[in-house]
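> Quick one: the structure is below, questions incoming.
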Amino acid sequence: MPYLTMIAVLSVLLQFTAVIFALRLIPLTRKAMAWTLLSIAFLLMASRRTIDLLFGQNIFQDPVIHNYSTKTVALIISIFIVSGVYFTKRIFEQQKRDAEQLRKFCMAVEQSSSATVIFTPAGIIEYVNPKFCEINQTTAEQLAGKKPGFLTTKCTPQSTLNKIWNRINIGGTWKSEFYNKDADGQDFWSRAVISPIKNDKDAITFFIATFEDITIEKRQQQAIKELSLHDNLTQLPNRKLFHNKLQQAIEVARTGEQMLAVLLLDINNFKAINNSLGHLAGDVILRDIANRLNHISQQDHSHTLARMGGDEFLLFTTNTSHDKTTELASQLYQSISQPFYVENRNFELSANIGYAMYPEHGDSAEKLIKNADIAMYAAKGSSRNIIKYSPSLDDGKLKRLELSSHFRQAAMDDEFVLYYQPQMDFKNGRIIGAEALIRWLHPEYGLLPPDDFIELAEQSGHIYMITEWIISHALQQLAEWHNNGHDIQLSVNISATDIQNPELVSLLETEMIRHKIEPAWLKLEITENSLMLYTSQTTSALSRITELGIAISIDDFGTGYSSLQYLTKMPVTHIKIDKSFVMQMLISDQDAVIVRSTIDLAHNLGLLITAEGIENQETHDILEILGCDYAQGHHLAKPMNNKAYMNWLSLFNTQSTVMNSATVPA
Ligand code: C2E
Ligand code: CA
Ligand code: CA
């Protein structure tokens with residue numbers, strides 16, 4: 001009996017403990033607590049009642065059971081309640097941990113710098129975090145029930161969207177960059193990870209997508225890319241970008257059966273500007289050129305302009321015609337012809353333009369640029385400034401390439417020949433000398449005029465080698481004439497780049513000593529442009545030449561951009577007015593005025609003046625009246641080789657002696 005009493009007491013204690021546990025662990029309200037207590041009491045009472053009932057019906061016959069079962073049942077119930085409370089406690093603890101985790105997760109998602117969206121397998125938004133709302137400039141309420149923008153935008157191709165769905169629907173994760181437009185229509189890039197969320201049964205219930213705004217990063221990348229596709233100096237597209245755009249434009253032209261033109265513009269003599277004024281001034285002019293061309297280019301959205309490098313610019317124009325392209329080319333040409341103002345001075349530049357048409361002259365960007373280049377080179381070697389490509393020009397280009405690789409050999413093999421064009425003194429009608437003009441007796445191409453190779457030699461860096469040949473042979477010839485009793489002078493043309501060469505003066509000295517040449521027999525012709533470009537170096541080189549006693553003449557005067565101020569500073573002795581004015585002076589009043597004022601100007605500065613390009617007697621007579629000093633031109637004689645010149649000279653001298661003896665009374 002005491003044993004049973006102990007069990008009973010234990011049972012009551014257990015029940016009591018269980019109740020205490022339940023009350024402490026279960027976060028119940030007072031009302032709930034009362035209900036719990038009542039339920040437990042009811043449970044105990046019900047159990048007791050049931051047992052009594054069962055005993056009342058003599059279901060349990062065993063007296064032991066009969067005596068003790070009530071207490072035993074109570075004990076079992078107590079054990080159940082205690083273990084129930086224990087497990088309830090475990091469950092509540094787990095739930096608490098889960099709730100804490102969920103709370104942390106929610107906070108993390110809510111405060112995350114990554115935009116997060118949770119959407120259903122049907123693509124309907126279930127949840128968006130504040131960052132998502134911020135970058136989409138909207139609210140969670142506005143987005144609820146809608147589809148996320150990145151899945152509906154037209155910025156993402158349908159094929160990509162299909163791929164995304166296919167992947168995430170089978171439980172995979174999709175990582176990618178998305179391009180979109182924000183609410184203001186601005187470009188917006190994001191890096192996204194889309195993953196499925198599965199339930200316990202491994203079924204996909206939601207998808208979660210996190211986005212990172214990478215617009216700034218993308219813009220920086222684009223800026224770097226842009227930089228590599230643009231020319232630093234002019235900000236124009238570079239050759240690479242031009243090439244890409246041109247290739248795309250060709251495809252469009254192909255589909256639309258339209259014409260397209262590629263124009264290549266090259267500035268003449270730009271190297272000389274850099275050499276004389278320095279690269280900074282050269283850059284200023286290049287930017288100015290780019291602005292002028294860009295101004296024309298921007299007038300029509302079908303034009304695309306680029307700087308190819310150096311002083312070369314490329315432009316392509318779509319949906320064009322032959323006439324439209326010619327007009328555009330001359331517009332570009334004219335824009336360069338206007339003077340450039342740098343360092344308080346005006347400079348005049350000229351350009352050569354070559355162009356090629358799609359589809360006539362090529363159907364790829366490379367081919368069209370190459371053919372425009374061939375046409376541009378053809379323009380350089382001709383009197384025309386703008387030339388359209390034609391297959392026949394290819395030969396010219398090949399010829400030029402071939403020529404430039406043979407200069408050295410030509411000089412060694414004496415393939416060059418000097419021709420001489422006489423110069424006459426207006427005052428007494430006597431031949432004072434001649435101008436030496438080079439030709440190339442090419443074994444394959446025959447006699448090539450200097451216009452076919454001098455500029456090429458200048459550009460390819462071979463000119464000084466040719467000048468060495470010229471000076472050596474011209475001085476040898478001059479010595480021979482004097483040895484044969486001809487008291488005549490010789491004018492030798494010196495290229496712009498030659499004056500820069502520090503060896504030029506010593507070469508002249510050496511050759512003069514070698515051939516025993518009096519300095520008074522020699523004159524150097526230097527073009528007006530080269531004189532004005534190489535300022536300080538030119539002045540010192542020219543001073544040293546004049547110190548040797550050699551006369552210097554400014555060639556092609558009137559075509560350059562010299563100023564009076566410069567002219568007076570240069571140690572020059574002669575001016576040679578350009579033949580273009582002389583040849584036109586009978587038909588152009590303007591040219592006549594230029595010729596007259598140049599003669600006056602030269603005389604006012606104490607310089608002697610030669611007129612070249614005199615083609616008829618009338619021009620000759622007017623120049624004589626205007627007081628020009630020396631005459632040169634086809635009217636007197638065309639350039640000729642030494643033998644012909646000697647024959648011509650003796651004939652001329654004989655005739656003038658006859659004429660003089662006829663007019664002068666004995
Ligand atoms: P430039 O120095 O102005 O030479 C005068 C050019 O005008 C020569 O052409 C000559 O034949 C041409 N000419 C002379 N009188 C008349 C005329 O009445 N009517 C016409 N229509 N033309 C006339 P060329 O010999 O073909 O020389 C062309 C240019 O080649 C020269 O122009 C010069 O710049 C350059 N050149 C010629 N020889 C040399 C040389 O030895 N060295 C260098 N560096 N350049 C040279
Ligand atoms: Ca000349
Ligand atoms: Ca000339």
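The values are calculated or read from the model by the stated rules, or taken from the named source; none is laboratory data. None of the values given here were measured: they were computed from a predicted structure. Here the Cβ positions follow ideal geometry from the backbone for every residue, glycine too, while neighbour counts run over all protein chains shown. With ligands, DNA and RNA removed, areas are computed over all heavy atoms of the protein, side chains included. Shrake-Rupley method; radii C 1.70, N 1.55, O 1.52, S 1.80 Å.
> I need the calculated FRET efficiency for the pair ARG191 and ALA99, taking r as the beta carbon distance and R₀ as 41 Å, to the nearest 0.05.
My answer for the efficiency is 0.80.
> Further question: Quick check: at a probe of 1.4 Å, how many percent of the accessible area of the stretch 83-167 sits on carbon and sulfur atoms? List each step's numbers first, then the result.
On the way: 3110 of 5540 Å².
Roughly 56 percent of what the probe reaches on the stretch 83-167 is carbon or sulfur.
> Explain nothing, just the number: relative contact order of the chain, from Cα pairs under 8 Å at least 6 residues apart, as a whole percent.
Value for the chain: 7 percent.
> Would you rank LYS218, LYS245 by solvent-accessible area, highest first, keeping every protein chain in place and using a 1.4 Å probe?
LYS245, LYS218
> For TYR358, what residues show an amide H to amide H distance below 5 Å, using hydrogens built from the backbone and excluding near sequence neighbours?
LEU260, ALA261, VAL262
> Compute the helix-to-body angle for 215-229: its Cα long axis versus the longest principal axis of the chain, expressed 0 to 90° and rounded to tens.
20
> What does the charge count near ASP578 come to, summing +1 for each Lys or Arg and -1 for each Asp or Glu among other residues with Cβ under 13 Å from its Cβ?
Charge balance in the 13 Å sphere: -4.
> Test of understanding: what is the full-extension gain from ASP202 to ASN162, defined as 0.36 nm times their sequence separation minus their Cα-Cα distance? Spell out each step's value before the answer.
Details: separation 40, 0.36 × 40 = 14.40 nm, distance 2.27 nm.
Working it through step by step, the gained length comes to 12.1 nm.
> Also, I was wondering about something else. Given the chain, what percent of its DSSP beta bridges are antiparallel, to the nearest 5?
70
> Helix 393-404 versus the longest principal axis of the chain: what angle, 0 to 90°, nearest 10, using Cα atoms?
70
> What angle do you read, to the nearest 10 degrees and between 0 and 90, between the alpha-carbon axis of helix 503-515 and the longest principal axis of the chain?
Taking the Cα atoms of the chain, the angle to 503-515 is about 30 degrees.
> Pop out the carbon and sulfur fraction of the accessible area of the stretch 402-517 as a percent, whole number, probe 1.4 Å.
Summing carbon and sulfur atoms, their accessible area is 48 percent of the total for the stretch 402-517.
> Strictly over 28 Å apart at the Cα level, which of LYS104/LYS218; LYS96/LYS201; LYS367/LYS579; LYS367/LYS399 would you flag in this model?
Values: LYS104/LYS218 32 Å; LYS96/LYS201 23 Å; LYS367/LYS579 39 Å; LYS367/LYS399 19 Å.
Pairs exceeding the cut-off: LYS104/LYS218; LYS367/LYS579.
> Where does the charge balance sit around HIS486 when Lys and Arg score +1, Asp and Glu -1, over other residues with C-beta under 14 Å from its C-beta? Intermediate results must be reported in sequence, preceding the final value.
Details: positive: ARG430, LYS643; negative: GLU480, ASP487, GLU518.
Net charge in that neighbourhood comes out at -1.
> Give me the dipole magnitude in Debye, nearest 20, for the chain about the Cα centre, with unit charges on the beta carbon: positive for Lys and Arg, negative for Asp and Glu. Intermediate values should be presented prior to the final figure.
Details: 58 positive and 72 negative charges, 1231 e Å.
Rounded to the nearest 20 debye, it is 5920 debye.
> Sticking with this one: Compare HIS295, HIS473 by solvent-accessible area with a 1.4 Å probe and give them largest first, with all protein chains kept in place.
Accessible-area ranking of HIS295, HIS473, largest first: HIS295, HIS473.
> When the chain is fully extended, how far beyond the present Cα-Cα distance does GLN338 get from ALA46, taking 0.36 nm per residue of separation?
Length gained between GLN338 and ALA46: 93.6 nm.
> For the chain, what does the helix formula give at 222 nm: sum of -39500 (n - 2.57) over DSSP H segments with n ≥ 4, over the residue count, nearest 500 deg cm²/dmol? Each step should come with its number before you reach the end.
Working: 26 runs with 361 residues, N = 666.
-17500 deg cm²/dmol, from helical runs alone.
> Can you sort LYS154, LYS175 by solvent-accessible area, 1.4 Å probe, largest first?
Correct descending sequence by accessible area is LYS154, LYS175.
> So, one more: Can you tell me the accessible area per residue over the chain, all protein chains present, probe 1.4 angstrom, in square angstrom?
Details: 35610 Å² over 666 residues.
Per residue, the chain has an accessible area of 53 Å².
> What trypsin sites (Lys or Arg not before Pro) in the stretch 309-404 are in a loop by DSSP, with at most 14 other Cβ atoms within 10 Å of the Cβ?
Answer by residue number: ARG384.
> Right, here's the next one. Between the stretch 360-411 and the stretch 461-518, what is the C-alpha centre distance in whole Å?
32
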